[in-house]
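J.: Attaching a single structure in structure tokens format; questions to follow.
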Amino acid sequence: AQSVTQPDARVTVSEGASLQLRCKYSYSGTPYLFWYVQYPRQGLQLLLKYYSGDPVVQGVNGFEAEFIKSNSSFHLRKASVHWSDSAVYFCAVSAETSSSFSKLVFGQGTSLSVVP
Amino acid sequence: EAAVTQSPRNKVTVTGGNVTLSCRQTNSHNYMYWYRQDTGHGLRLIHYSYGAGNLQIGDVPDGYKATRTTQEDFFLLLELASPSQTSLYFCASSDGGGSDYTFGSGTRLLVI
């Protein structure tokens, strides 16, 4: 079955530091991979997505992610975080259902706190 | 502008109560989904649909019914609400191809 694992429930980084949020997926086919962000009391916003091509995909607000097929990973990175990046981040894989159409399978989420 | 609109934004009900959460999409998408979000679990799929009158069971369906009345409208029904159903509920639509999903702003449900 398809699954996504985000091993870090909470991450705290200093403002201006670099960031990596980890994501590993399990899916037998060629995955669509996504990172979403949820700011406090808001809905989900798409940061970036990957299907094929360059394994490093650029997203909004300076975020990028790298697809490493051999490791089944899709880690999210940012070179320099800002306090406004404090939020919950979700990794997701688009998986084919038994009815042959797609659904999103989410990881547990990583809560990011950016401190002064 | 294409969108997914959920109502209400917040809902409080008592144990055993009857609740309907509404979702409307203007994306011309055939596929719609209901998820619940809980800390430590991420978002989990409750029910989904690929067209009016169609319903598919998701990963955590117990205690929930759903109905897709039109291409645009997808409803989630809790006929005997329980405190374990206190959660943040998201509706989404997609083109079914796997690459494009649009989420609503969520409905926060409290069952007391």
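J.: Given the pairs A:Lys24/A:Lys78; A:Lys24/B:Lys11; A:Lys78/B:Lys11; A:Lys24/B:Lys65; A:Lys69/A:Lys103, which span a C-alpha to C-alpha distance of over 27 angstrom in this model?
T.: Numbers: A:Lys24/A:Lys78 18 Å; A:Lys24/B:Lys11 35 Å; A:Lys78/B:Lys11 37 Å; A:Lys24/B:Lys65 32 Å; A:Lys69/A:Lys103 21 Å.
Flagged as over cut-off: A:Lys24/B:Lys11; A:Lys78/B:Lys11; A:Lys24/B:Lys65.
J.: Return the sequence-ordered ³J(HN,Hα) values of the range B:74-85 in whole Hz as given by the Karplus equation 6.51 cos²θ - 1.76 cosθ + 1.60 applied to θ = phi - 60°, using x for Gly and Pro.
T.: Values, residue by residue: 9, 10, 10, 10, 10, 7, 9, 5, 10, x, 5, 8 Hz.
J.: Would you calculate the convex hull of the Cα atoms in the range B:4-95 and tell me its volume per residue in Å³? Show your work: numbers first, answer last.
T.: On the way: hull volume 8.0 nm³, N = 92.
For the range B:4-95, the hull spanned by Cα atoms encloses 87 Å³ per residue.
J.: A further question follows. Of A:Val114, B:Ser94, A:Val37, which is farthest towards the positive pole of the protein assembly as shown's charge dipole, taken about the Cα centre with +1 and -1 on the beta-carbons of Lys, Arg and Asp, Glu respectively?
T.: With unit charges placed on the Cβ atoms, the residue in question is A:Val114.
J.: Also: Just the accessible area per residue of the range B:36-75, please: how many Å² with a 1.4 Å probe? Provide the component values of the computation, followed by the final result.
T.: Numbers: 1890 Å² over 40 residues.
Per-residue accessible area for the range B:36-75 comes out at 47 Å².
J.: If you don't mind, another one. Step by step: find N for chain A, compute 2.2 N^0.38 Å, then divide the Cα radius of gyration by it. What's the final number?
T.: On the way: Rg = 13.9 Å, N = 116, 2.2 N^0.38 = 13.4 Å.
Here the Cα radius of gyration is 1.04 times the empirical estimate.
J.: Threshold 40 Å², probe 1.4 Å: give the residues of the range A:36-72, in number order, that are less accessible with all protein chains present than with their chain alone.
T.: Buried by the other chains: A:Gln38, A:Leu44.
J.: Could you check which residue among A:Leu44, A:Leu21, A:Leu33 shows the biggest mean-square fluctuation in a GNM of chain A with a 10 Å Cα cutoff?
T.: Greatest mean-square fluctuation among the candidates belongs to A:Leu44.
J.: If you don't mind, there's one more thing I want to ask. Enumerate the amide H contacts of A:Asp8 below 5 Å, restricted to partners 5 or more residues apart or on another chain; note that Pro and chain-start residues carry no placed amide H.
T.: Sorted by chain and number, the residues that satisfy this are A:Arg22.
J.: Given the protein assembly as shown reduced to its alpha-carbon atoms as identical point scatterers, what log10 I(q)/I(0) does the Debye formula return at q = 0.07, 0.12, 0.17, 0.18 Å⁻¹?
T.: The computed values of log10 I(q)/I(0) come out as -0.22, -0.65, -1.23, -1.34.
J.: Excluding ligands, DNA and RNA, what is the accessible area buried between chains A and B, summed over both sides, using a 1.4 Å probe, to the nearest 100 Å²?
T.: Working: alone 6440 and 5880 Å², together 10550 Å².
Summing both chains' loss of accessible area gives about 1800 Å².
J.: Still on this structure: Which one of A:Ser73, A:Ser84, A:Ser26 has the biggest mean-square fluctuation once chain A is modelled by GNM with Cα springs under 10 Å?
T.: Greatest mean-square fluctuation among the candidates belongs to A:Ser84.
The values are calculated or read from the model by the stated rules, or taken from the named source; none is laboratory data. None of the values given here were measured: they were computed from a predicted structure. As a convention, Cβ positions derive from the backbone with ideal geometry for all residues, glycine included, and neighbour counts pool all protein chains shown. Keep in mind that these areas ignore ligands, DNA and RNA; they rest on the heavy atoms of the full protein, side chains included. Shrake-Rupley method; radii C 1.70, N 1.55, O 1.52, S 1.80 Å.
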